[in-house]
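The values are calculated or read from the model by the stated rules, or taken from the named source; none is laboratory data. Just so it is clear, the structure is predicted and the values come from calculations on it, not from any experiment. Every residue, glycine as well, gets a Cβ built from its backbone with ideal geometry; the counts of neighbours run over all protein chains shown.
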Amino acid sequence: MSNSNSYSEFSYVASSYTSSSFSQSSSADPEGTTKRFTETMTSNDRDGTSVRRTHEETGKPTLQDEMYIPPGGRTIEGTGAAEKGRIEDVSDADAERHRERDREYEERMEEEYAKREGGA
């Protein structure tokens, strides 16, 4: 039984760019499943920060997650100096929009699989 893992990271500062990836496979797996995870982050003062994550696994649809933080982030309103400039987690505020996008994505994937199987 042998396992192979590889990891690479590349970054430089111009604006700011970071890319990481991790892949995993095992010869003990009779189906030859390979998993690959990637994350790319781009950031600068003018455009803000974009983060893209990808998860690929043999025989499964690719999952992608994208996040954007505007320049300066979203600040939490407060009176104390300690609260000034903190980044607010707004992931729950957009939960309904994300659920709708997830539902639409799943419908498109089901239609695509049906086409490939000759059903649609």
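Consider Gln64 against the criteria (1) surrounded by 12 or more Cβ atoms within 10 Å (Cβ to Cβ); (2) outside the structural domain of Ser19 (by TED's automatic domain parsing); (3) at pLDDT 85 or above: it satisfies all of them except one. Which criterion is unmet?
(2)
Can you find even one residue in the stretch 92-102 that is at pLDDT below 75, surrounded by fewer than 10 Cβ atoms within 10 Å (Cβ to Cβ) and in a loop (DSSP other than H, G, I, E, B)?
yes
Can you list the strands (runs of 3 or more DSSP E) lying wholly within the stretch 31-71 that have 1 or more residues being touching a Leu at 6+ places or on another chain (Cβ under 9 Å)?
48-57
Which of (1) at pLDDT below 75; (2) closer than 30 Å to Glu111 by Cβ does His55 not meet, given it meets every other one?
Against the list (1) at pLDDT below 75; (2) closer than 30 Å to Glu111 by Cβ, His55 comes up short only on (1).
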